[in-house]
Amino acid sequence: MTGRWLLAAVPLALGLAWLEAPPLAVFAAALVAVLPLVGLIGDATERLAARLGPTLGGLLNSTLNNLPELIIGGVALSNGLASVVKASLTGAILANLLVSLGVALIAGGIRHGEQKFDRRRLAVNGSMLMICAFCFIVPAMFSIGTPEGTRDLSFEMSFVLIGMYLMNVAVTLLGGSGGTSLPDDHGLDGEHAATPVWRSLLVLVTAAAALGAVTEVLSHALEPTARQLGLSNTFSGLVLLGGVGSLGEILSGFHFARRGRPSLVLAATVGSTIQLVLLVAPLLVFAGRLMGEPMDLAFTPFEVVAIVLATILTRELIEDGKANWFEGCLLLGVYLILAIGFYHLPE
């Protein structure tokens, strides 16, 4: 987990915001403060999951790993930053597929050599990834002619996505091996089993509340900081917010890869991405409808292209059921290329 000493940045960020310090200082402190809070949420989730058994625990772990993205997106949306929310979702998807999986393949490859994945689970996850990419293509195509009409389209599509998520949960709970929410090798069963449930819940709720407060500060400082540094809101949301929100998946993927648990790596990276699209994205669309904010699933063409390319590349690299450290380096290289592209993308 991220060093606990970084928690000192939480009161620092809140204090700087209260004192109306320069936006750049507030933004930097808040960005650092997010890191340990995301780590705390991931650690508390894993400890809580270990007490609930492999099925419920694995489902809870993969679901709550996306809690930081939901909190960051919800707070940014409440501040009228719908485009930043979409960018952070894009950034989280790219970070999960390219950075988290890339780091995991490098870490596991260096320690264990070539890593092998369950071909059947790869086929299920690969198909679900393509469906998730399709969910972004449809609104983008309709937005070309009727941009305002995509809000109703996205709202209706969100019900379908939630339905797919619930079916995924049902398959996981009833069938165990058919869904994408649960790894096969039950890797959450004992390492943290001694931690009381109430303590894990307390840490989880406290860290989530603190993350909401820090994200509120971060959202207010984002636009002036981006202008000062010459960055677009899209780049800031995609690389900074999206990357920080995916820290839990990056740490989990690295941890499981070092332990030689490839199916857990798959759940922490690809499985988490699928749940991000099926659960977090539609929940943010619903939240936008309740807040009166124009949130939809019509992402910019470059965001859609980046998501589709990352999806296809990830599927191609691991489709044969094995991967090595060099393929992890390729994934990281693609992420850097896309980040450079978004840096030069006009607002």
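The values are calculated or read from the model by the stated rules, or taken from the named source; none is laboratory data. No experiment lies behind these values; they were computed from the predicted model shown. All Cβ positions, glycine included, derive from the backbone under ideal geometry; neighbour counts span all protein chains shown.
Some notes on this structure:
- When residues in region 9-27 are screened for being within 28 Å of ALA268 (Cβ to Cβ) and free of Cβ contacts under 8 Å to residues at least 12 places away in the same chain, 0 of them pass.
- Restricting attention to region 102-117, the residues being at pLDDT below 85 and buried (at least 18 other Cβ atoms within 10 Å of the Cβ) number 2.
- Under the condition of being within 13 Å of PHE326 (Cα to Cα) and among the aliphatic types (A, V, I, L, M), the residues counted in region 105-124 number 4.
- Selected residue (only one of LEU202, LEU173, LEU188, LEU182 is assigned to a helix (DSSP H, G or I) and at pLDDT below 75): LEU173
- When the test is whether a residue is part of a helix (DSSP H, G or I), among the small types (Gly, Ala, Ser) and crowded, with 22+ Cβ neighbours inside 10 Å, ALA207 passes it.
- Scan of region 41-65 for residues that are acidic (Asp, Glu) and at pLDDT below 75, ordered by number: GLU46
- When each of VAL38, VAL99, VAL32 is tested for being modelled with pLDDT of 85 or more, closer than 14 Å to GLY243 by Cα, under 13 Å from the mean Cα position of the chain (by Cα) and assigned to a helix (DSSP H, G or I), the lone residue that passes is VAL99.
- Residue within region 73-90 that is within 20 Å of ARG259 (Cα to Cα), in a helix (DSSP H, G or I) and of a type outside the set (D, E, K, R) present: no
- ARG120, sole failed condition from (1) surrounded by 13 or more Cβ atoms within 10 Å (Cβ to Cβ); (2) at pLDDT below 80: (1)
- Evaluation of LEU241 against the conditions (1) in contact (Cβ under 8 Å) with a residue 12 or more places away in the chain; (2) surrounded by fewer than 24 Cβ atoms within 10 Å (Cβ to Cβ) shows that the sole unmet condition is (2).
- Residue match in region 149-157 (condition: at pLDDT below 70, farther than 23 Å from GLU46 by Cβ and either touching a strand residue (DSSP E or B) at 6+ places or on another chain (Cβ under 6 Å) or among the hydroxyl-bearing types (Ser, Thr, Tyr) (or both)): yes
- Scanning region 67-80 for residues that are out of contact with any Gly (no Cβ under 7 Å at 6 or more places or on another chain) and buried (at least 24 other Cβ atoms within 10 Å of the Cβ) yields GLY73, ALA76.
- Considering each residue of region 331-338 in turn, at least one proves to be more than 19 Å from the chain's Cα centre (by Cα) and among the β-branched types (Val, Ile, Thr).
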